[in-house]
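Values quoted throughout were computed directly from the atomic coordinates according to the rules given, and no laboratory measurement underlies them. Keep in mind that this is a model prediction, so the values were computed, not measured. Here the Cβ is made from the backbone with ideal geometry for all residues, glycine too, and neighbour counts use every protein chain on show.
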Amino acid sequence: MEVIIYTHIDNAQKDELVKKISQEIEPGPVMVFNFESLFKMLKTRVSGRFVIVFIISCDDELEVLIKKKSHLFNTPFVLVLTENDESMAQKGLSLQPRYLSYPGYDHDNIAKVLNKMRGKYGK
């Protein structure tokens with residue numbers, strides 16, 4: 001199973017999370033830095049097995065993701081929100097992620113969830 005990470009290039013929390021995921025998941029994750037690149041990539045990988053980790057840096061990114069949810073083709077994903085905000089969490093949960101996290105939470109949990117998804121959706 002391939003892991004695709006969406007994050008804004010300037011997102012400060014991405015480095016620690018990417019490092020942790022890379023330690024746990026082989027091969028390492030594929031990085032994309034904008035939604036246009038992500039959705040182009042998804043169109044080419046419709047038949048592959050992959051999971052997406054969205055590291056959301058602002059409310060605007062979350063709104064774009066909500067509007068483009070149908071472009072995910074029922075792809076399993078993990079959502080990491082920028083802050084522990086109730087409104088943002090409700091919006092994030094409306095997307096039905098497999099796991100929801102926030103900065104400052106233990107990234108080991110995300111790696112564990114990805115490993116479990118890997119077993120369920122194929123290595």
- Note on the structure: The pairs in K19/K40; K67/K91; K19/K112; K40/K91; K43/K112 lying past 19 Å Cα-Cα in this model are K19/K40; K40/K91; K43/K112
- Message: Tell me the mean residue ellipticity at 222 nm calculated for the chain from its helices only (DSSP H runs of n ≥ 4, each -39500 (n - 2.57), averaged over every residue, nearest 500).
- Response: -13000 deg cm²/dmol
- For the stretch 1-79, which trypsin sites (Lys or Arg not before Pro) are both in a DSSP coil and crowded by at most 13 other Cβ atoms within 10 Å? K68
- Between I66 and D85, how many nm apart are label points set 7 Å from Cα along the C-beta direction? 1.1 nm
- Note on the structure: Between [x] 7.6; [y] 11.9; [z] 6.7, the structure-derived mean projected area of the Cα convex hull in nm² is [z]
- Radius 14 Å from Cβ of L42, net charge of other residues (Lys, Arg +1; Asp, Glu -1): +4
- Note on the structure: Between K116 and F73, Cβ-based FRET efficiency (R0 25 Å, step 0.05) works out to 0.75
- Once normalised by the length of the chain, the mean sequence separation of its alpha carbon contacts under 8 Å that are 6 or more apart gives a contact order in percent of 30 percent
